[in-house]
Amino acid sequence: RYEFSRRKATKLLEEAGWKVGPDGIRVKNGKKLSLLLMGASGAKLNELIQAYFQEEMKAIGVEIRLKNEPPRVFFGESVNRRKFDLGMYSWVSIPENSPRSTLHSSSIPTEKNSYAGQNYPGYKSKIVDQMIDSLEQELDSAKRAKIGQSIVKKYSEDLPVIPVYYRPNNGVIPSDMKG
């Protein structure tokens, strides 16, 4: 759980040297605390969440600029090339799916790897990389579950992404499938 506290957020920003400017937006070393939040246009729920987030951040002195693009442009270029400060998008996963493409440091899209991978935030953790490597080599399902739980725990501590909501997706696995 992550406690909602404007007071704590304000304190952290103050301690980091971000002071409220004359227009209500925080400034540090002459630079405004202004972030670009991008997403795919046409997703009404996401657009409502973005507007709410923008207002909440304004209340603590952070300017959020919104820019939504057609999904083809957003996912085809902006996300892969990481052209945002904050991005709002979804990852889809199924049970027993490795998080390599979304959490492993080798999956950070760069020009060098032809913008492959879905680790759009650029999350790097040697510990998580090692756990993902172990997860993919482990055959025992109980051991895999423990490794998976450890990955989630570390990810929740580091918090490279803030999950906003979970969307259920159906997955079909035959009941007689073994091994």
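The values are calculated or read from the model by the stated rules, or taken from the named source; none is laboratory data. The structure presented is a predicted model; accordingly, all values stated were derived computationally and were not measured. FYI the Cβ positions are ideal-geometry reconstructions off the backbone, even for glycines, and counts take in every protein chain you see. Note: accessible area is taken over every heavy atom of the protein model, side chains too, but ligands, DNA and RNA are not part of it. Shrake-Rupley method; radii C 1.70, N 1.55, O 1.52, S 1.80 Å.
Looking at the stretch 1-75, which GluC sites (Glu not before Pro) are in a loop (DSSP not H, G, I, E or B) and have at most 10 other Cβ atoms within 10 Å?
For GluC sites (Glu not before Pro) across the stretch 1-75 that sit outside H, G, I, E and B with at most 10 neighbouring Cβ atoms in 10 Å, the list reads Glu3.
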Net charge near Val128: determine it from the other residues with C-beta under 13 Å of the C-beta of Val128, scoring Lys and Arg +1 and Asp and Glu -1. 0
Gaussian network model of the chain, springs between alpha carbon atoms under 10 Å - residue of Lys19, Lys31, Lys126 with greatest fluctuation: Lys31
Evaluate the charge dipole of the stretch 35-179 about its Cα centre and quote only its size in Debye, nearest 20, assuming +1 on the Cβ of each Lys and Arg and -1 on the Cβ of each Asp and Glu. 120 debye
Around Lys178 (Cβ within 15 Å, Cβ-to-Cβ, excluding Lys178; K/R +1, D/E -1) the net charge comes to -3
Once you treat every alpha carbon in the stretch 66-130 as an equal point and sum by Debye, what is log10 I(q)/I(0) at q = 0.13, 0.15 Å⁻¹? -0.37, -0.49
Give, to the nearest whole percent, the P(r) tail of the chain beyond 24 angstrom, counting all Cα pairs. 51 percent
If you take every residue apart from Arg144 with its C-beta less than 13 Å away from the C-beta of Arg144, what net charge results, scoring Lys and Arg +1 and Asp and Glu -1? -3
Taking a cut-off of 16 Å between Cα atoms, list the aspartates and glutamates near Lys146, but don't count ones fewer than 8 places away on the same chain. Glu96, Asp129, Asp133, Glu136, Glu138
Convert 37 °C to kelvin, take the viscosity as 0.692 mPa s, use the Kirkwood radius over C-alpha pairs of the stretch 4-55 as Rh, and evaluate the Stokes-Einstein diffusion coefficient in µm²/s, rounded to a whole number. 254 µm²/s
Using a 1.4 Å probe over the heavy atoms of the protein chains, calculate the carbon and sulfur portion of the accessible area of the stretch 95-179 as a whole percent. 54 percent
For Lys112, which lysines qualify as cross-link partners when the Cα separation must be under 24 Å and same-chain residues fewer than eight apart are set aside? Lys83, Lys124, Lys126
Could you give the accessible area per residue of the chain, probe 1.4 Å, as a whole number in Å²? 70 Å²
Cα lying deepest toward the dipole's positive end in the chain, options Ser150, Gly122, Gly61, charges on Cβ: Gly61
Can you give the charge dipole size of the stretch 82-152 about its Cα centre, rounded to the nearest 20 debye, using +1 on the beta carbon of Lys and Arg and -1 on the beta carbon of Asp and Glu? 180 debye
Say we join alpha carbon atoms closer than 10 Å with springs in a Gaussian network model of the chain; which of Ala16, Ala43, Ala59 then has the biggest fluctuation? Ala16
GNM of the chain, Cα pairs under 10 angstrom: of Phe74, Phe84, Phe53, the biggest fluctuation goes to Phe53
